[in-house]
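Below is one structure, written out as structure tokens; comments come after it.
The values are calculated or read from the model by the stated rules, or taken from the named source; none is laboratory data. Since the model is a prediction, treat every value here as computed from it, not as a measurement. Here Cβ is always computed from backbone atoms with ideal geometry, including for glycine, and neighbour counts include all displayed protein chains. Accessible surface is based on the protein model in full, side chains and every heavy atom, while ligands, DNA and RNA are left aside. Shrake-Rupley method; radii C 1.70, N 1.55, O 1.52, S 1.80 Å.
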Amino acid sequence: MVALDLAQNTLDGLMVGSSYALLAIGFTLIFGVMRRLNLAYGPTIMAGVYLGTAAFISLGAPILVVLAIVILGASLVGLYVERLCFRPFGEGARTASMVASFALWMQIEEAAMHLLPRHMNPFPALVASAPLEIGPLMLRADHLVMLAATLLIAGAATYLLARTKLGLAIRAVIDQPRAAAIVGIDVERVMMLTFVLASAIGGIAGFLIAATDAQVTAMIGMWATTKGLVAMMLGGLGSVKGAIAGGLLLGVLEAHAQWFLGPQVRDMVAWGLLFVLLAFWPGGLMGAKALDRTMAVGRRV
Amino acid sequence: MDGFLITVLSNIGMISFVALSAYILLLSGQISFGQQAYFGIGAYVAGIATVMWSWPLAAALVLGAFVAGAAAGLVGLVTLRLSGIYFAMATLAFAEIMRIAAELFVYRREIGGIETGPDGIDGFRDIRYLFANDISPFQSCLIVYALLVAVLATLFIVERTRGGRMLRQVGEDPLLAEVNGIDVMRVRIAAALSAGAVAGLGGGLYAHLLTYVEPRSFDIMLGVHALAYGLIGGLGTALGPLLGVLIDIGLLESTRVFRGYRMIVFGGLVAVLLIVRPRGLLDEVAISRIRQALRRWRHAGD
Amino acid sequence: MLDVQDIVTAYGKIEALKGVSLAVAEGRITCLLGPNGAGKTTLMYSIAGVLKPRRGTIRLGGVDITGQSPSAVVARGLALVPENRLVFPQMSVAENLEAGAYQRRDAAEVATDIERMYARFPRLKERHAQLAGTLSGGEQQMLAVARALMSRPRILLMDEPSLGLAPLIVEEIFRIVAELNKDGVTIFLVEQNVHMALKVAHHFYLMEQGRVTFSGEPGKLAEDEVIQRAYLGTSRQTSGDTTSSHKPG
Ligand SMILES: Nc1ncnc2c1ncn2[C@@H]1O[C@H](COP(=O)(O)OP(=O)(O)OP(=O)(O)O)[C@@H](O)[C@H]1O
Ligand SMILES: [Mg+2]
């Protein structure tokens, strides 16, 4: 029943891929306004999720409170990262910025280990109902919630960027930072808000993935950084649509690879695809049109 | 000398190879997240050469460096057109592919009645060349530093030649370099090749000094650390990356003052240091000041 | 209206402005001439808050704005048409204009102002949905001017608006400059095109190597004499019937 396997894998992949898409949206927003890589993005999410977990374990906080703590925690830590790794650096010090964010990655992970020293910790489960059956296919209810949340957030982010004043400012800063300053946009403030926004979105992604697993491990920071990066690059940098496409593609690909080739090969396939795309088709999924722009942005990192 | 100190010194020496490898690429203007791949390649190849093929250590190290350099050159052919984040991600992707490949790589043979060789995710154990040949930890440490000094000396000499100046020029402004008639792609491939070989040499040493290497030994952490060392220590001189390694491993990890809080301290320090000195402690300005001071001092001595 | 006193602005160790003083009178067109690398753009960016001067003061309508952020300077009623236009290439013409009105809170008025811009620049109306990066050079220049006007500035700084444009379009740009001025906008214009500049300007300054070396009124000096002074480096022997307002630096 290969056809059935393929269908089931694709379905599972789309669900997991939706969390990747959220991570990629956050990464893309930060990369867009900063033009620098935030390696501490995953650990920022980890910090939020760990704070939520700690509240859950020690105080028995209900799931919505945990969600609020995760979002708030990730946003605050995101702000800290922005202050220390991005705001102080000018255009000329992109590498320094990135390495500083790596230094904070190490720092945040160690702090998280002090908060919850065990490798694996329990996390409140999202929905505990039995899987839905659609014909021969199975669909986990919590996966559906994850997909719905992703679509909701992606829609909200798109609306924010396209229709609001803050969105206009964010796009202006992404497009031509000096001109943004000249027309009177407070560029530093926009960068800060974007950072907080992206961290909050990342926090939601972290929450969703931890809640569907009903547990969280110390690997979540590394996981979020690498998955988000790969999904963003697959999508071709710099657009919310690309980020969603990249995330879903990564999810589907991994699901098939895991089913047919095993978990180790799964990770290799994702990296392999990224490598081939970069080496031979660097525009990513958004194709050649987006290439010029993204290359110009990406090159300057 | 006591055993702990020798171990720490050896570690500093071996990690310095990866840091230098990342530094060479930084000079050429490229940020690599993936120099650990060549460290791993060097470690496996050299280990296989001594253990499974009974090669002498020197030949094995050369082979490890050679294969790593060749791999880096080949990867460079397809990735060096890229720059910025694209190059960084391509190098990381390659390194992760190599690490997972090592997790799947099984090559076992019976040598002297015992089955040995790389064993997938458990890694490659019992690389006992140094032990079998009665080379003490102190002697191995000397080997590490002899090779490190040789690499550094080569780097210093190259930096003074036309090739070295071309390398910095390509790093600072590839377009201008192109205009000035420099074949940017060739310079970059040469840089990638040598960077790979240097990392491979470090990997070969690592496998033999620790007697084992496993896929985890060369994950993304090693790669990004290597990059960070150059930036902390300074991009003005090849001694910069070594200073970075020294500060991290020598001062923080080994003195154990901040046990359990090392990364909290180190991470914060690095972030603040980079704000003050975005090109590291020994940046170009610092180096030219030191040179001037030395010159003055020498003249005063005359 | 705009009063610049003894401004020093540096890139690293190199001082691009070595003590510049000049004044732009309200309701007039003041022109800044000078050879490449004189520091004209640096001065524009220093006034607009993009670059921070090391020393000196800049007053706008009597208020000290030295070292303030660009957004604070825009809030005080100053707008800049930057060198090389700097439109938002990946945004539509309409969005570029909206961005120009970023600090305004009167959405309805902004919409009518956009229509006004379209009336003044019909080409922009035709292309309102097109990405600004795909406009021609002249169209981009008009967009940059229109974008600056969207903030309803009291004073407009323009950095070489005619650069690289065909003569016909240059004339159009200068016609617009004169029109804007008639509508009451104070204008401070950097130009290489001495001929056109002197035709519209009420007052002009010459700048050389980071210093103001001459200042005067167009009518009183023959054009080729100005060109001589501005571009052939004889301006140091300042003389003539105009006052030199620069301070010894
Ligand atoms: N970003 C920068 N970094 C270093 N030096 C700069 C920078 N921008 C300008 N300069 C230098 O400052 C001086 C003044 O430059 P500026 O752009 O202000 O001149 P300009 O009068 O506008 O010239 P042009 O007529 O060519 O536009 C020049 O010597 C230039 O090389
Ligand atoms: Mg200029």
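Tabulated results
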read-out	value
Qualifying residues in segment C:152-176 (those that are in a helix (DSSP H, G or I) and closer than 24 Å to A:G184 by Cα) - the one nearest to ligand 2 (Cβ to nearest atom)	C:I173
Top-ranked residue in segment A:95-119 [being more than 8 Å from chain B (Cβ to nearest Cβ) and more than 21 Å from the chain's Cα centre (by Cα); ranked as most open to solvent (accessible area, probe 1.4 Å)]	A:R118
Conditions (1) free of Cβ contacts under 8 Å to residues at least 40 places away in the same chain; (2) closer than 21 Å to C:T186 by Cα; (3) not in a helix (DSSP H, G or I); number of the one not met by C:G67	(2)
Candidate set: segment B:125-144, residues that are surrounded by 15 or more Cβ atoms within 10 Å (Cβ to Cβ) and part of a helix (DSSP H, G or I); chosen: the one nearest to the chain's Cα centre (by Cα)	B:V144
Count - residues of segment B:211-251 that are of a type in the set (A, V, I, L, M, F, W, C) and either within 11 Å of chain A (Cβ to nearest Cβ) or open to solvent by less than 10 Å² (accessible area, probe 1.4 Å) (or both)	13
Subset of segment B:236-289 (residues that are of a type in the set (S, T, N, Q) and assigned to a helix (DSSP H, G or I))	B:S254, B:T255, B:S288
Some residue of segment A:124-133 being of a type in the set (S, T, Y), buried (at least 21 other Cβ atoms within 10 Å of the Cβ) and in contact with a helix residue (DSSP H, G or I) (Cβ under 7 Å, 6 or more places away or on another chain)	no
Residue check, C:L80 within 16 Å of ligand 1 (Cβ to nearest atom), within 14 Å of chain A (Cβ to nearest Cβ) and at pLDDT 95 or above	yes
Selection status of A:R171, in contact with a helix residue (DSSP H, G or I) (Cβ under 7 Å, 6 or more places away or on another chain), basic (K, R) and surrounded by fewer than 23 Cβ atoms within 10 Å (Cβ to Cβ)	yes
So C:A79, is it in contact with a Pro (Cβ under 9 Å, 6 or more places away or on another chain), within 18 Å of A:R178 (Cβ to Cβ), away from ligand 2 (no atom under 16 Å from the Cβ) and in contact (Cβ under 8 Å) with a residue 24 or more places away in the chain	yes
Unmet criterion (only one of (1) within 13 Å of ligand 2 (Cβ to nearest atom); (2) open to solvent by 10 Å² or more (accessible area, probe 1.4 Å)) for C:L32	(2)
Segment C:37-54: number of residues that are away from ligand 2 (no atom under 16 Å from the Cβ) and surrounded by 15 or more Cβ atoms within 10 Å (Cβ to Cβ)	2
Hits in segment A:256-285 - residues which are open to solvent by less than 20 Å² (accessible area, probe 1.4 Å) and touching a Lys or Arg at 6+ places or on another chain (Cβ under 8 Å)	A:A257, A:G283
Cβ-Cβ under 7 Å pairs, at least 6 apart or on other chains, segment B:274-302 side farther than 24 Å from A:V81 by Cβ and free of Cβ contacts under 8 Å to residues at least 60 places away in the same chain, far side in a helix (DSSP H, G or I) and hydrophobic (A, V, I, L, M, F, W, C)	B:L282/B:L239; B:L282/B:L243
C:A94 being touching a Pro at 6+ places or on another chain (Cβ under 7 Å), surrounded by 16 or more Cβ atoms within 10 Å (Cβ to Cβ) and either within 14 Å of chain A (Cβ to nearest Cβ) or outside any helix (DSSP H, G or I) (or both)	no
Long-range neighbours under 8 Å by Cβ, at least six apart or interchain, first residue away from every other protein chain (no Cβ under 13 Å) within segment C:141-154, second assigned to a helix (DSSP H, G or I) and of a type outside the set (A, V, I, L, M)	C:M142/C:R123
Unmet requirement for C:G100, which otherwise passes all of (1) more than 15 Å from ligand 1 (Cβ to nearest atom); (2) open to solvent by 30 Å² or more (accessible area, probe 1.4 Å); (3) in contact with a Ser or Thr (Cβ under 7 Å, 6 or more places away or on another chain)	(2)
Considering residues of segment C:55-65 that are open to solvent by 40 Å² or more (accessible area, probe 1.4 Å) and β-branched (V, I, T) only, the residue farthest from ligand 2 (Cβ to nearest atom)	C:V63
Residue in segment A:63-75 that is assigned to a helix (DSSP H, G or I), touching a strand residue (DSSP E or B) at 6+ places or on another chain (Cβ under 6 Å) and crowded, with 22+ Cβ neighbours inside 10 Å present	no
Residue selected from segment C:186-199 under the condition more than 16 Å from ligand 1 (Cβ to nearest atom) and either in contact with a Ser or Thr (Cβ under 9 Å, 6 or more places away or on another chain) or open to solvent by less than 30 Å² (accessible area, probe 1.4 Å) (or both), by the criterion farthest from C:T42 (Cα to Cα)	C:L198
Any hit, segment A:91-108, residues being within 21 Å of A:Q215 (Cα to Cα) and out of contact with any strand residue (DSSP E or B) (no Cβ under 6 Å at 6 or more places or on another chain)	yes
Where a residue in segment C:24-42 is basic (K, R) and its partner, wherever it lies, is away from ligand 1 (no atom under 13 Å from the Cβ) and open to solvent by 10 Å² or more (accessible area, probe 1.4 Å), with Cβ under 8 Å and at least six apart	C:R28/C:N181; C:R28/C:H202; C:R28/C:H203
Subset of segment A:218-245 [out of contact with any Lys or Arg (no Cβ under 9 Å at 6 or more places or on another chain), under 26 Å from B:M221 (Cα atoms), in contact (Cβ under 8 Å) with a residue 60 or more places away in the chain and open to solvent by 10 Å² or more (accessible area, probe 1.4 Å)]	A:I220, A:M222, A:W223, A:T226, A:K227
Verdict on B:I114 being touching a residue at least 12 places away in the same chain (Cβ under 8 Å) and within 14 Å of chain A (Cβ to nearest Cβ)	no
Count of segment B:252-277 residues which are among the β-branched types (V, I, T), within 10 Å of chain A (Cβ to nearest Cβ) and open to solvent by 10 Å² or more (accessible area, probe 1.4 Å)	5
Residue list for segment C:107-120, restricted to those being in contact (Cβ under 8 Å) with a residue 40 or more places away in the chain and away from chain A (no Cβ under 14 Å)	C:R120
Meets criteria (away from ligand 2 (no atom under 16 Å from the Cβ) and of a type in the set (S, T, Y)) for C:S21	yes
